[in-house]
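Chemist: Handing you this structure, nothing more for now.
The values are calculated or read from the model by the stated rules, or taken from the named source; none is laboratory data. Since we're looking at a predicted model, the values are computed, not measured. Counting neighbours? That spans all protein chains shown, and the Cβs are built from the backbone with ideal geometry, glycine included. Keep in mind that these areas ignore ligands, DNA and RNA; they rest on the heavy atoms of the full protein, side chains included. Shrake-Rupley method; radii C 1.70, N 1.55, O 1.52, S 1.80 Å.
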Amino acid sequence: MNKENLTDTAILTVAGLSKSFGGVKAVNDLSFSVKKNHIHAIIGPNGAGKSTLFNLITGIIPPDQGEVRFSTTDITSLSSDQIAKHGVSRTFQNIRLFPDMTVSETVLIGTYLLTGAKLAPALLRTKAFREKEQAAKQRVEEILKFVGLWDVRDEYAAQLSYGNQRRVEIARALATQPQLLLLDEPTAGMNPKETKELMELFTAVNNEGITILIIAHDMNLVNTLSDHITVINFGEKLVEGTAEVIQKHPAVIEAYMGKVKVDA
Amino acid sequence: MIVDQLINGIVLGSVYALMAIGYTMVWNVLRFINFAHGEVYMGGAFVALTTMYLGAPVWLAYSCGMLSGALLGYLMEKLVYKKMRTAPKLNLLIAAIGIAIVLQNSAQLIWGASPERLASPFLANNVNIGGMMVNQHYIFIIIVTIIVMFLLEFFMNRTLMGKAVQAASQNIQATELMGINANKVISITFAIGSGVGALAGILVGPVFLVFPTMGVFAGLKGFTASVMGGMGNIPGAMVAGLMLGVLESFAAGFISSGYRDAVAMVILLAILLLRPQGIFGKVVAEKV
Amino acid sequence: MEHIRKLGYRRLGLLIGVIALLMIPLGITNPYFMYVINLILIYILLVLGLDLIVGYTGQVSIGHGAFFGIGAYIAAIFSTKLGLSFWFTLPIAILATAIIGFIIGFIGLKLIEEYLVMATLAFGTIIWLVFLNWTDVTGGPMGIALIPSPPAMNFGIFQLSFTQYADYYPLLLFFVIVAIIFTKLLINSGFGRACTAIRDDELAAQSMGIPVFRTKVVMFTISAAYCGAAGTLYAHFIHVVSPETFNFTMSVTILTMVMIGGQGSIIGAVLGASLLTIFSEALRATPELRMLIYGLLIVIMMMFFPRGIMGIINYYRKQIEKRALLKKMKGAKATVDVKKEGLGYE
Ligand SMILES: Nc1ncnc2c1ncn2[C@@H]1O[C@H](COP(=O)(O)OP(=O)(O)OP(=O)(O)O)[C@@H](O)[C@H]1O
Ligand SMILES: [Mg+2]
């Protein structure tokens, strides 16, 4: 699986990104880039600033300093809906579903960028409007089948198993047709079987040409899936490289791997 | 003239400050606006009025009014809000408005709609302050307010229960760690806040009269003051109440009296939009 | 084919329903009852409007009585001072309330939850004070009287006039039906879905590409316009407007109707408006007692039936469905979760 020489362009570039909360430097002068079509993992101990990094990239919180570029566009100061429009979608560490919606309704929300929200066509039910609605429903169906949720499409998303809730979140993110998908600890709290199934899903998503940036603690997942790994600690980049490089790196073993091994 | 307005402003402000305390204390423990607080103000004043009719001396009537206000606050929490701890905020808000409607109309059934004057031993006398004649009752209002503020300050910072009430503002469960039952803290908060609110109603009873809807605007103003001071900030609420009273009193000199009540609303909007954390508060980021 | 026939039946059913509704005045001779029915229709418009922002978008306003008032005052002013007829005052009022709604929404909707509640309260109170004090234009506490009925419409063979309560009814019914259709079209669109997503989780909605603030402001504007239309219809119906109609109590009444009927439901809006209006009219003889019971009812509903009447209906419907399902599955172990539709809180 050598995608390195196929594509070499960076789809996401983070340069000198910093963010502090009060006295805490959650992200500190962080720079790295994600190559197109890669599965790129972000690892680091609890509180290292990984989720904050995602929030900065997706415009949920503004950075103090630094720049985020998507392909060649500067998205640093854009709002999260505009960033989504550029083709970046995400899931959340603590799953955020819409409590009053069924699975298919939830995923339908992800088609917002396809259908738009123009009022006049909606009120007149124009042909274009109906076609777009049809296309949206079509897309929802495809995605639900793709992630394996078609059978539970009419159930309330919040009542599904933890693993399936995560799938709904991923499906919703996929419905926006992202080029880059950000997954914040998607397998946390899953049993080995669920984890394995999700890993297969990630590979399938990646094979559709979607670049994945994934935060994970599970080293088996990271080593199996990722083309590239960035390790962060105290908001700073510790090292980066392929799984082999990372596993051997003394600083990583000290700061992170050692701990993980003890935990495991 | 200016001094006159200043004194009027301080008197009004004292009332707003006392009202604001109730809103802010409840916000502290439950994070919601008790829309029925204005009716506690009204209820206390009416009970004082009736007690006085029955021949009780002023001090006793005033105390009865205040205690019944506290009881009213305690009861509305026990009977309604407590049952709604897990309810959406909107439901709680509507329930509070429902309570306010019930109390206003009960008062109207019991006491009638026409305004009545609460007696005060001081109202008839003026004192000379540096050549200015000031009504003794005004002085009484200001002194009582100051005393209440000191008592409250003492209670909040020097007693275990007071500290628990403060801790509750961070996290209601934290009070359990101090060995104090969270429900008890909430009850105490309602009782004190409401008692102080009722006192405000009693204090203005001799000046602005007592009637079933007297709590509506007083409630709005007190609540504006609590926002100005930063929701949950008790000393902030006191200072902001005074500021609001003085501002309103001076503004009334410049704009037509009809728009006088708009001053507080404009201030409320300005604070919400420009400094939602209140004049004295700091910004706290929400964790995503 | 089956589908089309079903749709045909539905259309037929709706047509029969509308005709039945149109017949109502024929069966009612007492003008007071007609008056109450008209009032209900006006409240339905208001509740549908407020529900757009409260029920479907999750943004609470306790200032919508002011939009009702603005619509009514615009109708009053433009018809009595400039002599414009209802057919001109209505679009002017809708446009004006939409603009004012837009401005207030644009300023206020940056705020969330309680802070938004407070801001709408402040806006509503300020506008009410303007009604009360801008005497030259609004007539001050006396208000404006002698607002004309809409002009009669001539259809050659027959004439529609709007001077009697029973005549005004079809006009109101027409606008309520239009509003219901409009609401349905709006809700079942990308825009409507965006609103419900915002209601359920703002952050997740925004991450899906939904411009949260803009969507809220647009919905708030539309919501204000509904109330403006209701205001105009009210003014030309009652012929008098005065400030006390449009105070805080009005805002609370509309919000209560939304909550009692059940948020985010057209049927809920109709039920909430109808039942509360009938209820308060029935107890008209004893105003204080009426308001006291009204308040108690609100408290009890909020405590025990947080999803309002629609919540109760849905609960029992689910129960029946569940029982039917169990019967069908017989021996098989059925697990139907009705928690979602539970009556109380989780
Ligand atoms: N909104 C916020 N306000 C204040 N502090 C914050 C906020 N968000 C994050 N932090 C702090 O920033 C630091 C980094 O947090 P972050 O959630 O990014 O870590 P993480 O690497 O995702 O950890 P975990 O593995 O536990 O998810 C922590 O110290 C956290 O407490
Ligand atoms: Mg994290």
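Chemist: Tally the residues that are buried (at least 23 other Cβ atoms within 10 Å of the Cβ) and either at negative phi or in contact with a strand residue (DSSP E or B) (Cβ under 7 Å, 6 or more places away or on another chain) (or both), restricting the search to region C:255-298.
Modeler: 14
Chemist: Counting just the residues of region B:104-124 that are in contact (Cβ under 8 Å) with a residue 24 or more places away in the chain and within 8 Å of chain C (Cβ to nearest Cβ), which one comes out farthest from C:Pro287 (Cα to Cα)?
Modeler: B:Gln104
Chemist: Turning to a different aspect of this structure: Could you give me the residue pairs with C-beta distances under 7 Å whose first residue belongs to region A:38-67 and is touching a residue at least 12 places away in the same chain (Cβ under 8 Å) and in the same structural domain as A:Val239 (by TED's automatic domain parsing), whose second residue is near ligand 2 (Cβ under 10 Å from one of its atoms) and charged (D, E, K, R) wherever it lies, and which are 6+ apart or on separate chains?
Modeler: From region A:38-67, the pairs are A:Ile42/A:Lys50; A:Gly44/A:Lys50; A:Ser51/A:Asp184; A:Phe54/A:Asp184.
Here's the yes/no breakdown for (1) within 19 Å of the chain's Cα centre (by Cα); (2) within 13 Å of ligand 1 (Cβ to nearest atom); (3) buried (at least 17 other Cβ atoms within 10 Å of the Cβ):
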| residue | (1), (2), (3) |
| --- | --- |
| A:Ala10 | yes, no, yes |
| A:Phe32 | yes, no, yes |
| A:Ile57 | yes, yes, yes |
| A:Ile60 | yes, yes, yes |
| A:Leu78 | yes, no, yes |
| A:Ile83 | yes, no, yes |
| A:Phe92 | yes, yes, yes |
| A:Leu97 | yes, no, yes |
| A:Met101 | no, no, yes |
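Chemist: Name the single residue that is least open to solvent (accessible area, probe 1.4 Å) among those in region A:191-220 being at pLDDT below 95 and within 16 Å of ligand 1 (Cβ to nearest atom).
Modeler: A:Ala216
Chemist: For region B:70-98, give me the residue count where each residue is in contact with a His (Cβ under 9 Å, 6 or more places away or on another chain) and at pLDDT 95 or above.
Modeler: Qualifying residue count, region B:70-98: 1.
Chemist: Something else about it: Pick out, from region C:29-127, the helices (runs of 4 or more DSSP H) lying fully within it that include 2 or more residues that are within 30 Å of C:Ala282 (Cβ to Cβ) and within 14 Å of chain B (Cβ to nearest Cβ).
Modeler: In region C:29-127, C:31-54, C:64-80 are the helices (runs of 4 or more DSSP H) which contain 2 or more residues that are within 30 Å of C:Ala282 (Cβ to Cβ) and within 14 Å of chain B (Cβ to nearest Cβ).
Chemist: Right, another one. Tell me the helices (runs of 4 or more DSSP H) entirely within region A:91-152 that contain at least 2 residues that are more than 10 Å from chain C (Cβ to nearest Cβ).
Modeler: A:103-109, A:127-147
Chemist: May I ask you to say which residue of B:Tyr74, B:Tyr81, B:Tyr53, B:Tyr41 is of a type in the set (Phe, Trp, Tyr) and over 21 Å from the mean Cα position of the chain (by Cα)? Don't jump to the end; show me each part of the working.
Modeler: Numbers: B:Tyr74 fails: over 21 Å from the mean Cα position of the chain (by Cα); B:Tyr81 fails: over 21 Å from the mean Cα position of the chain (by Cα); B:Tyr41 fails: over 21 Å from the mean Cα position of the chain (by Cα).
Within the list B:Tyr74, B:Tyr81, B:Tyr53, B:Tyr41, the selection yields B:Tyr53.
Chemist: Taking region A:35-53, which residues are within 16 Å of ligand 2 (Cβ to nearest atom) and either outside any loop (DSSP other than H, G, I, E, B) or under 15 Å from the mean Cα position of the chain (by Cα) (or both)?
Modeler: A:Ala41, A:Ile42, A:Ile43, A:Lys50, A:Ser51, A:Thr52, A:Leu53 - these are the residues of region A:35-53 that are within 16 Å of ligand 2 (Cβ to nearest atom) and either outside any loop (DSSP other than H, G, I, E, B) or under 15 Å from the mean Cα position of the chain (by Cα) (or both).
Matching residues to (1) surrounded by fewer than 21 Cβ atoms within 10 Å (Cβ to Cβ); (2) within 15 Å of ligand 1 (Cβ to nearest atom):
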site: A:Asp154; (1), (2): yes, no
site: A:Ser161; (1), (2): yes, no
site: A:Leu174; (1), (2): no, no
site: A:Gly189; (1), (2): yes, yes
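Chemist: Now for a separate question. Hey, among the residues in region A:176-187 that are open to solvent by less than 20 Å² (accessible area, probe 1.4 Å) and more than 15 Å from ligand 1 (Cβ to nearest atom), which one's nearest to the other protein chains (Cβ to nearest Cβ)?
Modeler: Top of the filtered list is A:Thr176.
Chemist: Please tell me if C:Val137 is in a loop (DSSP other than H, G, I, E, B) and modelled with pLDDT under 95.
Modeler: No, not satisfied.
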